[in-house]
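Peer 1: Supplied in C-alpha cells, the structure appears directly below.
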Amino acid sequence: MTTQPQQHKCYQVALNMLIRREHSQLELSRKLQQKDFSDKDIVDSISLLIEQKYQSDERFSESFIHMRYGQGKGPILIAAELKDRGIKDFDLSIYDWFELAKHVRRKKFGLNIPADYKEKAKQKRFLRSRGFNLDQINKAFLEQI
C-alpha cells in the first residue's frame, strides 16, 4: 500500500530531476526505481508531471538531438541513444548531417584530405564511430576548401 507522503516524495524527486535537465519517461522511471519507489508511485508521479507539462518526451528528444548535434554526433548514434531512452518518434531531418560530418572531420584532422589509404581509412573509422552513415562519410571527403 502506498502512502501519500511516499507518493509526494517520489513526485518531488522526479521534479528535481527535471529541473536539472529534460528526461524521457523511461529515464525517469529507471532512476526512480533505483531509489526504491513503488511502481504505482512512479507511474502516478510521471503521469502527473506529463499532465502538468513538466515532462515531455517530444521536448526531451528535441533538446537531446540538438545537444548531440552540437557535440558532433551523427544520426545513427543519436537514433540509437534515443531508442535506448525509450523515444520512438523523433525527427532528424531538420539537420544537415553531410555538413556536420565534413565539419567534424576537418576539426579533428584538418582541411587537407589525405591521399594515403591508411590515413583516409582511419578518418572514416572515426566518423563511423561518431554515428555517421557511409554516404555522409564519403561526402565529407569530396570537397577540399
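The values are calculated or read from the model by the stated rules, or taken from the named source; none is laboratory data. These figures come from a predicted structure and were not determined experimentally. Using ideal geometry, Cβ is built from the backbone for each residue, glycine included, and neighbour counts are taken over all protein chains shown.
Peer 1: Suppose we filter segment 121-145 for residues that are assigned to a loop (DSSP other than H, G, I, E, B) and among the hydrophobic types (A, V, I, L, M, F, W, C); how many remain? Give the steps one after another, and end with the answer.
Peer 2: First, the residues of segment 121-145 that are assigned to a loop (DSSP other than H, G, I, E, B): 130-133, 141-145.
Still in the list and also among the hydrophobic types (A, V, I, L, M, F, W, C): 132, 141-142, 145.
Here the count works out to 4.
Peer 1: On to the next question. Among the residues of segment 134-144, are any within 30 Å of CYS10 (Cα to Cα), modelled with pLDDT of 95 or more, outside the structural domain of HIS8 (by TED's automatic domain parsing) and not aliphatic (A, V, I, L, M)?
Peer 2: Taking segment 134-144 as the starting set, the residues that turn out to be within 30 Å of CYS10 (Cα to Cα) are none.
Within segment 134-144, not a single residue is within 30 Å of CYS10 (Cα to Cα), modelled with pLDDT of 95 or more, outside the structural domain of HIS8 (by TED's automatic domain parsing) and not aliphatic (A, V, I, L, M).
Peer 1: Being part of a loop (DSSP other than H, G, I, E, B) and either in contact with a Gly (Cβ under 7 Å, 6 or more places away or on another chain) or not charged (D, E, K, R) (or both), is that true of even one residue in segment 40-49? Give the derivation first.
Peer 2: To start, the set of residues in segment 40-49 that are part of a loop (DSSP other than H, G, I, E, B) comprises none.
Scanning segment 40-49 turns up no residue that is part of a loop (DSSP other than H, G, I, E, B) and either in contact with a Gly (Cβ under 7 Å, 6 or more places away or on another chain) or not charged (D, E, K, R) (or both).
Peer 1: Is it fair to say GLY72 is closer than 20 Å to LYS139 by Cβ, in contact (Cβ under 8 Å) with a residue 40 or more places away in the chain and either in contact with a Phe, Trp or Tyr (Cβ under 7 Å, 6 or more places away or on another chain) or not hydrophobic (A, V, I, L, M, F, W, C) (or both)?
Peer 2: Against the criterion (closer than 20 Å to LYS139 by Cβ, in contact (Cβ under 8 Å) with a residue 40 or more places away in the chain and either in contact with a Phe, Trp or Tyr (Cβ under 7 Å, 6 or more places away or on another chain) or not hydrophobic (A, V, I, L, M, F, W, C) (or both)), GLY72 qualifies.
Peer 1: Could you tell me which residue of segment 1-31 is nearest to ILE65 (Cα to Cα), considering only residues that are among the hydroxyl-bearing types (Ser, Thr, Tyr), in contact (Cβ under 8 Å) with a residue 24 or more places away in the chain and assigned to a loop (DSSP other than H, G, I, E, B)?
Peer 2: Applying the filter and picking the extreme gives SER24.
Peer 1: Go through segment 107-132 and report how many residues are within 16 Å of ASP96 (Cβ to Cβ) and surrounded by 16 or more Cβ atoms within 10 Å (Cβ to Cβ). I'd like the intermediate steps shown before the answer.
Peer 2: Initially, segment 107-132 is screened for residues within 16 Å of ASP96 (Cβ to Cβ), giving 107, 127, 130-132.
Filter again for surrounded by 16 or more Cβ atoms within 10 Å (Cβ to Cβ), leaving 127, 130-132.
Final tally of qualifying residues: 4.
Peer 1: State all residues of segment 43-66 that are aliphatic (A, V, I, L, M) and surrounded by fewer than 20 Cβ atoms within 10 Å (Cβ to Cβ); if no residue qualifies, say none.
Peer 2: First, pick out the residues of segment 43-66 that are aliphatic (A, V, I, L, M): 43, 46, 48-50, 65.
Across segment 43-66, the qualifying residues are VAL43, LEU48, ILE50.
Peer 1: Could you check segment 7-42 and list, in sequence order, the residues that are surrounded by fewer than 15 Cβ atoms within 10 Å (Cβ to Cβ) and over 25 Å from the mean Cα position of the chain (by Cα)?
Peer 2: Hits for segment 7-42 are HIS8, ASP36, ASP39, LYS40.
Peer 1: A follow-up question, please. Between PHE60, PHE90, PHE98, which is under 27 Å from GLN12 (Cα atoms) and hydrophobic (A, V, I, L, M, F, W, C)? If you could, list the steps in order and put the result at the bottom.
Peer 2: Numbers: PHE90 fails: under 27 Å from GLN12 (Cα atoms); PHE98 fails: under 27 Å from GLN12 (Cα atoms).
Sole residue among the options that is under 27 Å from GLN12 (Cα atoms) and hydrophobic (A, V, I, L, M, F, W, C): PHE60.
Residue-wise test of (1) assigned to a helix (DSSP H, G or I); (2) among the hydroxyl-bearing types (Ser, Thr, Tyr); (3) in contact (Cβ under 8 Å) with a residue 60 or more places away in the chain; (4) not assigned by TED's automatic domain parsing to the domain that holds HIS23.
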position	(1), (2), (3), (4)
ILE65	yes, no, no, yes
GLY86	no, no, yes, yes
ARG106	yes, no, no, yes
ASN112	no, no, no, yes
GLU119	yes, no, no, yes
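Peer 1: Still on this model: Working only within segment 67-96, note down all residues that are hydroxyl-bearing (Ser, Thr, Tyr) and crowded, with 17+ Cβ neighbours inside 10 Å. Before the answer, list the steps.
Peer 2: At the first step, the residues of segment 67-96 found to be hydroxyl-bearing (Ser, Thr, Tyr) are 69, 93, 95.
Correct list: TYR69 only.
Peer 1: Assuming GLU51 fulfils every condition listed in (1) in the same structural domain as LEU28 (by TED's automatic domain parsing); (2) at pLDDT below 95 apart from one, which condition is it?
Peer 2: Result: GLU51 passes all but (2).
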